[in-house]
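The values are calculated or read from the model by the stated rules, or taken from the named source; none is laboratory data. None of the values given here were measured: they were computed from a predicted structure. Quick reminder, even Gly has a Cβ in these numbers, built from the backbone with ideal geometry, and neighbours come from all protein chains shown.
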Amino acid sequence: MQSKNNQLKKKSIFSGYIKHWQLLMMLIPGLIILILFHYVPMTGIFISFVDYKFQKGIFGSEWVGMSNFVDLFSFLDFGKVIMNTLSISVYKLLFGLPAPIILALLLNELRAQKYKKLVQTCTYLPHFFSWVVLAGIFKMVFSNTGPVNELLMLLGKDNYVEFFSNGTSFRILLIATYVWQSVGWGAIVYLAALSGVDESLYEAAYIDGANRWQQTIHISIPTIIPTIITVFILNLGHVLNAGFDQIYNMYNPMVYEVADVIDTFTLRALNQMDYGVGTAADLFKSIIGLALVLITNKITDKLSDGSLGIM
């Protein structure tokens, strides 16, 4: 009986494919792009295990096994690079995750729709500027002769703040500019979740005497908790990325000690034609990111129903 039901189910699915074949045909261009630009380049991972030579190609080069990984971890600076990557990523996650949640909750409380749309537009607009443009702006604004330091001097500060040569100041600048650039875009997801809340819940809470703060705590926040968990899991998978575009366009040799991350280390290795070590570093980062996503998703699945459902 079960076998017959499975056959009927498969037949129903197949007939559905036949019925909507035009829609399936529309998927073909996207699938081709996905395969060509996302899966075919993954063959380059093989470089991590060979002594890559241009003349011989990827699969013609000599197999060296884990030798590139041994060379990678034998670099004296690689431990510092990992710590820099983790610290910057953790700070970005620590401040970058709650910021859009708070903004979304504040925007959700606004009743003037025109003002709400204006604020939302102004906050997510920086997301569409590349870090090449933003880094140039920040370098002018936070330079020794820029408006920020000039204002600090007018307020009585004795010396300029060396934002781009002092390690601590540079990290603070990295985190602050990242949050500023991403907060509006990140809030869109939470605003979408909040838009699905039944207004009758707020009305019932108001009748029971709950003020706006209590309504936020007991209705709005519980509504977006599954979304928060999902975003957290996805962000954790990128914990070893640290934001290459931002760091590469803003850092300089004076702050290498605190700003050199895995991506910039990989770029230098590739520029020095050490392709095996560079690819090994990137593969190491990807494996750790995947492991973090799977582990976090499993833990979250045990504790709540907010997992991604991938394990």
Which of (1) at pLDDT 85 or above; (2) out of contact with any Pro (no Cβ under 8 Å at 6 or more places or on another chain) is the odd one out, the single condition Val183 does not satisfy? (2)
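Would you say Pro41 is surrounded by 11 or more Cβ atoms within 10 Å (Cβ to Cβ) and part of a helix (DSSP H, G or I)? Give the derivation first.
Details: surrounded by 11 or more Cβ atoms within 10 Å (Cβ to Cβ): no; part of a helix (DSSP H, G or I): yes.
No: the conditions fail for Pro41.
Would you confirm whether any residue within the stretch 102-115 is within 21 Å of Ala259 (Cβ to Cβ), in the same structural domain as Ile228 (by TED's automatic domain parsing), among the polar types (S, T, N, Q) and touching a Phe, Trp or Tyr at 6+ places or on another chain (Cβ under 9 Å)?
In the first step, residues of the stretch 102-115 are kept if they are within 21 Å of Ala259 (Cβ to Cβ); the result is none.
Taking every residue of the stretch 102-115 in turn, none turns out to be within 21 Å of Ala259 (Cβ to Cβ), in the same structural domain as Ile228 (by TED's automatic domain parsing), among the polar types (S, T, N, Q) and touching a Phe, Trp or Tyr at 6+ places or on another chain (Cβ under 9 Å).
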Single residue of the stretch 162-175 satisfying the filter (in contact with a helix residue (DSSP H, G or I) (Cβ under 8 Å, 6 or more places away or on another chain) and part of a helix (DSSP H, G or I)) that is farthest from Leu93 (Cα to Cα): Gly167
Can you confirm whether Gly276 is of a type outside the set (Val, Ile, Thr) and in contact (Cβ under 8 Å) with a residue 60 or more places away in the chain? yes
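Among the polar types (S, T, N, Q), modelled with pLDDT of 85 or more, crowded, with 19+ Cβ neighbours inside 10 Å and assigned by TED's automatic domain parsing to the domain that holds Val179: does that describe Thr296? Even if it seems obvious, please write down each step before you answer.
Details: among the polar types (S, T, N, Q): yes; modelled with pLDDT of 85 or more: no; crowded, with 19+ Cβ neighbours inside 10 Å: yes; assigned by TED's automatic domain parsing to the domain that holds Val179: yes.
In short, no.
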Search result, residues across the stretch 137-161 that are of a type outside the set (S, T, N, Q), over 28 Å from the mean Cα position of the chain (by Cα) and part of a loop (DSSP other than H, G, I, E, B): Gly146, Leu155, Gly156, Lys157, Asp158, Tyr160, Val161
Could you give me the residue pairs with C-beta distances under 9 Å whose first residue belongs to the stretch 111-134 and is touching a residue at least 12 places away in the same chain (Cβ under 8 Å), whose second residue is not in a helix (DSSP H, G or I) wherever it lies, and which are 6+ apart or on separate chains? Val119/Leu110; Trp131/Gly243
Out of the residues in the stretch 56-104 that are surrounded by 12 or more Cβ atoms within 10 Å (Cβ to Cβ) and of a type in the set (Gly, Ala, Ser), state the one that is modelled with the lowest pLDDT. Ser61
Say we look at the stretch 182-201 and pick out the residues that are under 21 Å from Val119 (Cβ atoms) and among the hydroxyl-bearing types (Ser, Thr, Tyr); which of these is surrounded by the fewest Cβ atoms within 10 Å (Cβ to Cβ)? Ser195
